[in-house]
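Step one of this worksheet: look at the structure below.
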Amino acid sequence: MIKNIVAVCLLSAAVVSCKKETAVSEVKPVSDSIAKNEVKEDQYKPIDTTCSPNYKTEDYITALQWYRTKIDKEIAGNSPEQNDKVYEDYVKIRNKYTNCLNDLHTEILDKYVDYKTTEPDTYNLPDNIKKMASELNKVGLEFRVMGEGLTEIHSVPGYYESVFKNRLTPDYEVYISQLAKDNKENYAINGGLLITWEELGDRLIFWENFMNKYPKSPLVKTVKQDYHNYLLDYLLGMDSDPIYDREDGKLLDDKKDEYNRIIKKYPNSNTVKKTKELIAAYEAHVPVDQIGERINLRR
């Protein structure tokens, strides 16, 4: 699940109180499996995952609670291999419902950043949005400010790890654990990297090692694509975060420092192999617009 966010992967409930300001950092996840309005499985059928204007926020919340209860029961008696499949299906369902909630609340999401105060990551939210944040929190969702005025509803970082930890095969365990770390911060916005280049380099190495360690994992296809997208950003740069000086066509000093760091630290990696090819292309004065083709790396 890593991707170029607003590039690749990358990202908590509002506390209802007498305080005038609500900080995003104060939002804490609440297990949706113990929600008060949990509905008995034999008395309820969840709404369709196809978005409809007829569905309200509470319809999605109730459906998500129902699925969480169902999942908790299933994974308790399953083998790790069976739970891998349960995890995959659960992610798809939650993503569909989350997309519907984003569509349903475009007006709130468009205005969310307007409530930001002068304090870092602090928002003076109206009561109705505080209430909604609290409801979202019951099912492991949150308002996430992406940057550049964009806010979206996302699963809280680490949500899937909290549900499936120690219930999956080793490759899936490693995968969801790393995603929880990667998703703590936004990856990029409007063509600019939001994590450091060193963090991006280390992320590349992690996922490269994952593919080497679990070559037969069903996750490899997804990880390979995400790795490729990360490598494109790392070696070709981004629109708002280039790797070279656009006037003289030379690699920027801070990018060269990062490339030298990763070459020294991970000399036998594929990431380093491609990095050396990039450096050689610049040293040979290959035109910048031809470098991607020279190192066989294209967007």
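Read-outs throughout are calculated quantities, based only on the coordinates presented, and are distinct from any laboratory measurement. Because the structure is predicted, anything quoted here is derived from the model rather than measured. Reconstructed Cβ throughout: ideal geometry from the backbone, glycine too, with neighbour counts over all protein chains shown.
Less than 11 Å Cβ to Cβ from Leu278, Lys/Arg counted +1 and Asp/Glu -1: what total charge do the surrounding residues give?
Working: positive: Lys255, Lys256, Lys273, Lys274, Lys276, Arg294; negative: Glu277, Glu283.
Overall, the nearby charge balance is +4.
How large is Rg over Rh for the chain, taking Rg from the Cα atoms and Rh as the Kirkwood inverse mean of 1/r across Cα pairs?
Numbers: Rg = 21.7 Å, Rh = 21.2 Å.
We get a ratio of 1.02 for the chain.
Using only Cα positions of segment 191-299, each an equal point scatterer, no hydration layer, compute I(q)/I(0) via Debye at q = 0.19, 0.21 Å⁻¹ and quote the log10 values to two decimals.
Relative scattering, expressed as log10 I(q)/I(0), comes to -0.99, -1.20.
Under a straight-distance cross-link criterion of Cα-Cα below 18 Å, which aspartates and glutamates are reachable from Lys250, leaving out those fewer than 8 residues away in the same chain?
Asp233, Asp239, Asp241, Glu258, Glu277, Glu283, Asp289, Glu293
Pairs to check: Lys45/Lys216; Lys96/Lys224; Lys221/Lys276; Lys92/Lys216; Lys111/Lys255. Give those whose C-alpha atoms are more than 30 Å from each other in this structure. Don't jump to the answer; show the numbers that get you there.
On the way: Lys45/Lys216 37 Å; Lys96/Lys224 23 Å; Lys221/Lys276 25 Å; Lys92/Lys216 22 Å; Lys111/Lys255 36 Å.
From Lys45/Lys216; Lys96/Lys224; Lys221/Lys276; Lys92/Lys216; Lys111/Lys255, over 30 Å: Lys45/Lys216; Lys111/Lys255.
Could you give the distance between the Cα centres of segment 227-299 and segment 73-101, to the whole Å?
Spelled out, the Cα-based centre of one part sits 38 Å from the other.
Return the lysines within reach of Lys165: Cα separation strictly under 16 angstrom, same-chain partners fewer than 8 residues apart disregarded; answer none if there are no such residues.
Counting by Cα, and skipping residues close in sequence, Lys165 has these lysines nearby: Lys73, Lys85, Lys181.
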